[in-house]
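Student: Got a structure here, written out as structure tokens. Questions coming.
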């Protein structure tokens, strides 16, 4: 599989670990503050972004879903409320994030509907044609090998199954682009250093967003890996985008 620029962007330069290992360690370190920092740094808009991603799946009425890079299970919990599937599996490489997610499920009495597992997007431990829909919210930038992850997701989707991805993108409106770069490059890492005690995680966010092949480039990669009916919807002046694709029927 070819490499893309963001494949090489890592949280801890010079650590000697693979990107996958570094990302898992980074999220273990920030797990306790992750949800708070998401709400704080986005002024709560990230919640509406996730809801919009899930509502695009409503017409297909998925009954068995997979949430890749589930983190603390925000999307999985929202999916239960919005889509009412029979089963949702969430996978993530960070045990720290999964532990917090399991606590949320217990509080909401959702353990019978949502199951969280330590799992790798590039080696999903489920048979071919298992899921009606797969979601990934702010996770594809963290794949160590982008095409491998997308190909694995396609494998476990049922024929006609839907993939919905929410990911940061770069606004290109004059003025907005400069403000966005200032915020991601300086403000967010500075706040993260004070609040989450981990500036590296949010510096990595900035670097990986800049390197990610967004928009038409990402849609082309989805097409290359086998998806059909691909769409891209830009949200909030282009700060993030929702990509959807379908496994051939």
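The numbers here are math on the coordinates, done by the rules we state, and not lab data. Since the structure is predicted, the reported quantities are computational estimates derived from the model, not experimental observations. Cβ placement follows ideal geometry from the backbone for every residue including glycine, while neighbour counts extend to all protein chains displayed.
Student: What spacing in nm lies between the two simple spin-label points modelled at residue 103 and residue 47, each 7 Å away from Cα in the Cβ direction?
Tutor: Spacing of the two 7 Å Cα→Cβ label points: 1.9 nm.
Student: Using packing as a proxy for protection, rank 139-150, 56-67 so that the peptide with the highest average count of other Cβ atoms within 10 Å comes first.
Tutor: Details: 139-150: 22.5, 56-67: 18.7.
Top to bottom by mean Cβ count within 10 Å: 139-150, 56-67.
Student: Can I ask one more? Could you please rank 12, 138, 131, placing first whichever residue has the fewest other Cβ atoms within 10 Å of its Cβ?
Tutor: Fewest to most other Cβ atoms nearby, the residues stand as 12, 138, 131.
Student: Compute the distribution of all C-alpha to C-alpha distances in the range 47-154, in bins of 5 Å from 0, and list the percent of pairs in each, rounded to whole numbers.
Tutor: Binned Cα distances yield the sequence 2, 13, 25, 25, 22, 10, 2, 0.
Student: Continuing with the same structure: If each residue of separation counts as 0.36 nm, what is the full-extension length gain between residue 18 and residue 155 once their alpha-carbon separation is subtracted?
Tutor: That works out to 46.9 nm of additional length.
Student: While we're here: What length, rounded to one decimal in nm, is gained on full extension from residue 228 through to residue 86, with 0.36 nm per residue of separation minus their alpha-carbon distance?
Tutor: Separation in residues times 0.36 nm, less the Cα-Cα distance, equals 48.6 nm.
Student: Could you give the length gained by full extension between residue 111 and residue 237, i.e. 0.36 nm per residue of separation minus their alpha carbon distance, to one decimal place?
Tutor: 41.7 nm
Student: Moving to a separate point now. Looking at the range 61-182, what % of its DSSP beta bridges pair antiparallel, to the nearest 5?
Tutor: Values: 1 of 21 bridges.
Among the beta bridges of the range 61-182, antiparallel pairing accounts for roughly 5 percent.
Student: Which value in nm describes the separation of the simple spin-label points at residue 217 and residue 33, placed 7 Å from the Cα toward the beta carbon?
Tutor: Placing both labels 7 Å along Cα→Cβ, they lie 3.0 nm apart.
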